[in-house]
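Before any comments, here is the structure.
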Amino acid sequence: MLNDWHVVANAREVTDGNKFATQLLEQDILIWRSHGEIHAWLDRCPHRGSRLSLGQIRNGDTVVCPYHGWHFNSDGRCIRMPAHPDHPVSERARATRLHVREKYGLVWVCPGEPAADVPEFHGVDEDYHLVITGPYDVETSGPRAVENFLDLSHFPFVHTGYLGEEPYTEMDDYEVEVSDGEIRVTNATAYQPRANVTSEAGVKVAYSYRVLRPLTVMLTKEPGAAGEKPSDLILLAIQPKEETRIRAWFVLAMNYGHGEPEEHFRDFQDTIFFQDKPVLESQRPRCLPLDPTAELHQPADKSSNVYRRWLKEMGLSYGTIVQA
Ligand code: FES
Ligand SMILES: [Fe+2]
């Protein structure tokens with residue numbers, strides 16, 4: 001988790017000279033921007049531990065602590081202690097900087113040492129327009145939320161009239177494999193009365209997933225005809241604020257509806273996600289049990305069972321229960 005990239009903000013919302021406070025993996029994080037460049041720091045002053053995000057950004061490039069006014073430049077170095085203006089400042093007086101990148105309109109942070117690059121949103125090219133939806137705060141663990149995203153057999157019950165409806169409940173088989181360090185799910189199908197914002201009639205939709213990282217997944221929704229590009233590509237990135245308090249971010253990429261206001265896509269995704277949220281928050285335990293005997297399974301759960309095994313093999317204990 002520490003060496004992965006996690007989404008912490010919508011890049012558009014952290015404007016020049018402004019700051020944004022959030023949490024990641026139990027730590028408070030300060031995101032701010034100076035002269036176009038994004039910065040991510042631990043939100044903690046090295047002097048007495050107060051939250052720097054309660055302070056100010058001065059002249060667009062200096063963070064001023066709210067408590068005793070220490071000034072930090074964009075390298076994180078303290079350049080002024082107002083109580084002792086003539087005193088040399090210790091080299092150790094530094095804010096803790098974290099690795100940060102901007103990609104797909106999102107701000108990604110790695111609190112440890114990045115083991116790889118920011119996950120790639122495969123297949124997105126100039127034919128697609130991107131819309132960020134959410135974020136959605138949910139009282140659950142990251143793995144429970146990922147598993148919900150991989151689950152199709154809940155559609156007729158949770159997303160009635162949108163992504164499914166009775167009596168179209170029977171699930172066809174689909175394929176799951178682990179290759180190149182990721183989980184690939186292919187040929188999963190679902191009958192959807194209203195598959196997306198522009199749909200006017202029910203269609204059978206093919207889903208394929210790539211679980212790129214434990215908390216980052218992309219989904220491809222294929223249209224009917226072979227050889228056509230997928231209509232929807234969806235990236236789900238979970239920000240684990242705490243072990244069982246997450247923030248879910250979606251990037252939607254569509255090759256249709258270019259003239260459609262962004263609002264319509266966001267409203268549709270809000271509708272879908274707010275149907276999932278109460279069910280997700282009701283699940284107990286909140287952490288995902290990795291022991292196969294801990295919960296019961298139906299054949300449609302194949303992808304979730306592979307996901308659980310994959311997490312167990314990598315030894316992920318954050319947001320999971322390893323032993324029943
Ligand atoms: S706690 Fe930040 S300046 Fe004292
Ligand atoms: Fe759902």
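All of the numbers you see were taken from the coordinates with simple rules; none came from a lab. The structure presented is a predicted model; accordingly, all values stated were derived computationally and were not measured. FYI the Cβ positions are ideal-geometry reconstructions off the backbone, even for glycines, and counts take in every protein chain you see.
Each label point was placed 7 Å from the Cα along the Cα-to-Cβ direction; for R58 and Q23 their separation is 3.1 nm. Taken as Cα centroids, segment 161-228 and segment 57-84 sit 50 Å apart, rounded to the nearest whole angstrom. Residues whose amide H lies under 5 Å from that of I321, counting only those 5 or more places away or on a different chain, are L288, L290; hydrogens are built 1.01 Å from N in the peptide plane. Here the gap between S179 and H68, fully extended at 0.36 nm per residue and compared with their Cα-Cα distance, gives a gain of 34.7 nm. Taking each residue as 0.36 nm, the span from E102 to E281 lengthens on full extension beyond its C-alpha to C-alpha distance by 61.4 nm.
Distance between the modelled labels on D291 and K229, one decimal in nanometres: 4.8 nm (7 Å Cα→Cβ projection).
The count of lysine pairs in the chain with alpha-carbon distances below 17 Å, taking only pairs 8 or more places apart or on different chains, stands at 5. The stretch between D267 and E170 holds 32.1 nm of extra length on full extension. This uses 0.36 nm per residue minus the Cα-Cα distance.
Taking a sphere under 13 Å around the Cβ of P88 and counting the other residues whose Cβ falls inside, with K and R at +1 and D and E at -1, yields a net charge of +1.
Computed from Cα atoms, the angle from the helix 302-314 axis to the main principal axis of the chain rounds to 40 degrees. Dividing the mean sequence gap of close Cα pairs (under 8 Å, 6+ apart) by how many residues the chain holds gives a relative contact order of 17 percent.
Put a dot 7 Å past the Cα of H154, heading toward its Cβ, do the same for E113, and the two dots end up 3.8 nm apart.
Measuring nothing but alpha carbons in the chain and taking Rh as the Kirkwood radius, the Rg to Rh ratio lands at 1.03.
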